[in-house]
Amino acid sequence: MIDLHCHSTVSDGTLTPAELVRAASENGCTLLALTDHDHTGGLHEARQTAQTCGITLINGVEISVTWRGNTVHIVGLDFDADNPVLQKLLVQNRSGRIERIHRIGEKLAKQGIHGAAEAALSIASNPETVSRTHLAEFLIQQGYVRNKQQAFTKYLGHGKAAAVAHEWATLQDAVEAIIQANGIAVVAHPMRYHFSATGKRRLLEEFKSYGGQAVEVQSGSSGLNDRLNYALLAERFHLLASVGSDFHAYNRYSGGTLGVCPELPPICRPVWEHFRQSPISRPD
Ligand code: AMP
Ligand code: MN
Ligand code: MN
Ligand code: MN
């Protein structure tokens, strides 16, 4: 029972790191990575809780990246969390978030929706990692949309009325920072990007050229078709396979069940066989 992608209140999840680890454990999870957006502040609490409930906790983070004008998410796994190069990149990525939320708020105001940025900042437990998820929560609370998905298709998603351009870290800097910190870089939820097949191949090629090693073959509630397609793509690019629920909350759109993911197709080489910690060690 493995889950290498989920979120706590340190970014846009609703469970604290301790609550998240306990809930994953209750679901039968034995190997968990907490991967908050651009922040590793929950790992200490998560590890302490993991020790009390028999879970192996892998250091994780999900880094927002701008690649050829698109936002792509890169997960880092099993890195040294105190690595200064990685931490500097995360600080830099977080630094524009509050201003970005205000810019999105201004666009929502033009649609007649007022006070969104202030509300999002008060909903967010950690203003440093305030995100569109918190804006979505405000839009749901105020009755503008029925659910998180609709908040993105109506207002917040790429090309929609309240979308704003933002420059995150580069793909190269994000992958290299994870590697500098002795971690493994993973392309998150490749099935979610609206790129052509060629675009996806380019992404994986470039990602590999910087030292990236893995791709999520299973993300959230993605089904068997995606799993088989991305297993083949992983094999073709000699990438390790990762799995993650991308769990955020019980009551919001989030996809998979926390702590458990469907089994990988047999052709996959699982990323966890390369972790330095148990269950199977990777050589340094
Ligand atoms: P941000 O970091 O502010 O760009 O917010 C990104 C977060 O919004 C993601 O991590 C997801 O939690 C959520 N999100 C993005 N796109 C969608 C979507 N189409 N449907 C639901 N949630 C989404
Ligand atoms: Mn999120
Ligand atoms: Mn993501
Ligand atoms: Mn995520």
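The values are calculated or read from the model by the stated rules, or taken from the named source; none is laboratory data. Quantities reported herein were computed from a predicted structural model and do not represent experimental measurements. Cβ atoms come from the backbone with ideal geometry, glycine included; neighbour counts cover every protein chain shown. These area figures cover heavy atoms from the full protein model, side chains too; ligands, DNA and RNA do not enter into them. Shrake-Rupley method; radii C 1.70, N 1.55, O 1.52, S 1.80 Å.
Descriptive notes on the structure:
- Selection of helices (runs of 4 or more DSSP H) fully inside segment 62-130 by the criterion of at least 1 residues being touching a residue at least 40 places away in the same chain (Cβ under 8 Å) and closer than 19 Å to His39 by Cβ returns 84-95, 97-110.
- Scanning segment 16-55 for residues that are of a type in the set (Val, Ile, Thr) and open to solvent by less than 30 Å² (accessible area, probe 1.4 Å) yields Val21, Thr35, Thr40, Thr49, Ile55.
- Evaluation of Pro262 against (1) within 16 Å of ligand 3 (Cβ to nearest atom); (2) closer than 22 Å to Val21 by Cα (one fails), failing number: (1)
- Ala46 fulfils the conditions (1) part of a helix (DSSP H, G or I); (2) farther than 17 Å from Ser11 by Cβ except for a single criterion, (2).
- Meets criteria (touching a Gly at 6+ places or on another chain (Cβ under 9 Å) and away from ligand 4 (no atom under 16 Å from the Cβ)) for Asp82: no
- Under the condition of being over 20 Å from Glu167 (Cβ atoms) and away from ligand 2 (no atom under 15 Å from the Cβ), the residues counted in segment 53-79 number 10.
- Total residues in segment 9-43 satisfying the condition of being within 11 Å of the chain's Cα centre (by Cα) and either more than 16 Å from ligand 2 (Cβ to nearest atom) or not in a strand (DSSP E or B) (or both): the figure is 7.
- Segment 201-250, residues that are under 14 Å from the mean Cα position of the chain (by Cα), assigned to a loop (DSSP other than H, G, I, E, B) and not acidic (Asp, Glu): Gly220, Ser245, His248, Ala249
- Filtered by the rule that a residue be assigned to a helix (DSSP H, G or I) and surrounded by 20 or more Cβ atoms within 10 Å (Cβ to Cβ), segment 151-170 gives Ala151, Phe152, Tyr155, Leu156.
- Test: Arg94 is away from ligand 2 (no atom under 16 Å from the Cβ) and surrounded by 14 or more Cβ atoms within 10 Å (Cβ to Cβ): no
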